[in-house]
1. Count charges around Lys155 for me, please; just the other residues with Cβ under 13 Å from its Cβ, Lys/Arg as +1, Asp/Glu as -1.
2. Please compute the modelled spin-label separation between Glu320 and Asp112, points set 7 Å along Cα→Cβ, answer in nm with one decimal.
3. Mind sorting Glu54, Glu128 by how few other Cβ atoms lie within 10 Å of their own Cβ, fewest first?
4. Please report the net charge: other residues with Cβ closer than 15 Å to the Cβ of Asn213, K and R +1, D and E -1.
5. Report the Cα centroid-to-centroid distance between region 250-283 and region 62-85 in angstrom, as an integer.
6. Check the chain and count each lysine pair with an alpha-carbon distance under 27 angstrom, considering only pairs eight or more places apart or from different chains.
7. Got a sec to turn the phi values of region 129-137 into Karplus ³J(HN,Hα) couplings, 6.51 cos²θ - 1.76 cosθ + 1.60 with θ = phi - 60°, whole Hz, x for Gly and Pro?
8. Take each of the peptides 27-33, 229-235, 297-303, average the number of other beta-carbon atoms within 10 Å over its residues, and list them starting from the highest.
Amino acid sequence: MCDNAAMASLEKDAPAGGAAATPLALNFCGLKFASPIVLLSGCVGFGEEYTRIEGFSNRDAGAVVLKGTTGAARLGNPPHRVYETPAGMLNAIGLQNPGVDHVVRVILPQLDFTETRFIANVSGSTIEEYVEVTRRFDASPIDAIEINISCPNVKEGGVAFGNYPDMSAQVVAACRRVTKKPLITKLSPNQTDIRENARRCIEAGTDALAVINTIMGMAIDVAERRPVIGNVQGGLSGPAIKPIALLKVHQVYEVAGPHRIPIIGQGGITTAHDALEFIIAGATAVGIGTALFYDPLVCRRINEGVAVYLAAQGLANVTELVGTLRTAKDVADCALSG
Ligand SMILES: Cc1cc2nc3c(=O)[nH]c(=O)nc-3n(C[C@H](O)[C@H](O)[C@H](O)COP(=O)(O)O)c2cc1C
């Protein structure tokens, strides 16, 4: 495998104008992705936000995930909603969105489905709300539906659905019953055993897994002695979480791989080297979120770097690299760090 310096030189030496389509193209739950890159929910608005930036194209991504959508419109949390941390970012947007009716009736017709695949991101406070939103998207042109099970369950006192395998499986099973579109479940890292949760979501009928959502954190304004984030806590994203996300993908792949359930690996990916690590760990596709905030053109560089690596390794297609990590299992399972 390449080291960082070698990868940087691969990115620099890559041909201009984007990588050849074929080595990067893949089939994801029956959908044709032109690239393994997936633009992540909450980081690209409703698919139109970055298209105003010169040089940016949705075509550089295999798929674009829309902002989390709920049954009714939500205004979101009080400010501050985002805060930069060392190598990362805290956010507590609070699922600001115009509601599923507006998304389906007004936003989806404006999207150009020839550019890329568009994936809805479904959120809810109750299982009934998840089902209602999923059903609306099922009757829309959207290509796939991702369910964000990190939301607080109001009936269970605000604990997140995704932190408990039982509750995760209930949401997945309920949504599965109302859609035949590819169903992706986005797993929370804020739980004891992500493998068990992945297993239960697969049994409940998910077609794919997204690993991972943000990791809860906080920051304090010491002058004011107040939390910086209006919601007190927020989700940490960006390079700070990459090693954690990578391990979670590796663990989930152990469960999902034998069932041929593909994974969208995500959490802090900013370079082709990062993307390759996730693919080798078991991700079929790789999500880019926070990196877009400071480099909206990052996808093209990552596509080019991955294509150069594949050529150098004599691999005809990126899927040949998925889950090719060489490891002694007893070493990987050792919980000791020192
Ligand atoms: C500002 C912001 C808003 C987000 N909103 C959502 C959301 O609505 N639904 C969701 O499933 N994930 C949401 N996420 C999580 C991202 O989709 C992604 O899983 C996470 O940020 C990790 O990837 P990254 O480190 O590349 O950003 C959001 C992340 C950020 C930074």
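1. Details: positive: none; negative: Glu128, Glu129, Glu156.
Once positives and negatives cancel, what remains is -3.
2. 3.3
3. Working: Glu54 6, Glu128 12.
Taking fewest neighbouring Cβ atoms as first place, the list is Glu54, Glu128.
4. On the way: positive: Lys67, Lys186, Lys242, Lys248; negative: Glu146.
Every neighbour counted, the sum reads +3.
5. Their Cα centres are 24 Å away from one another.
6. So the count works out to 20.
7. 5, 4, 5, 4, 5, 4, 4, 4, 5
8. Values: 27-33: 16.1, 229-235: 19.0, 297-303: 22.0.
The peptides rank, most packed first, as 297-303, 229-235, 27-33.
Read-outs throughout are calculated quantities, based only on the coordinates presented, and are distinct from any laboratory measurement. Worth saying up front: this structure is predicted, and the values here are computed from it rather than measured. Note that each Cβ is placed from the backbone with ideal geometry, even for glycine, and that neighbours are counted across all protein chains shown.
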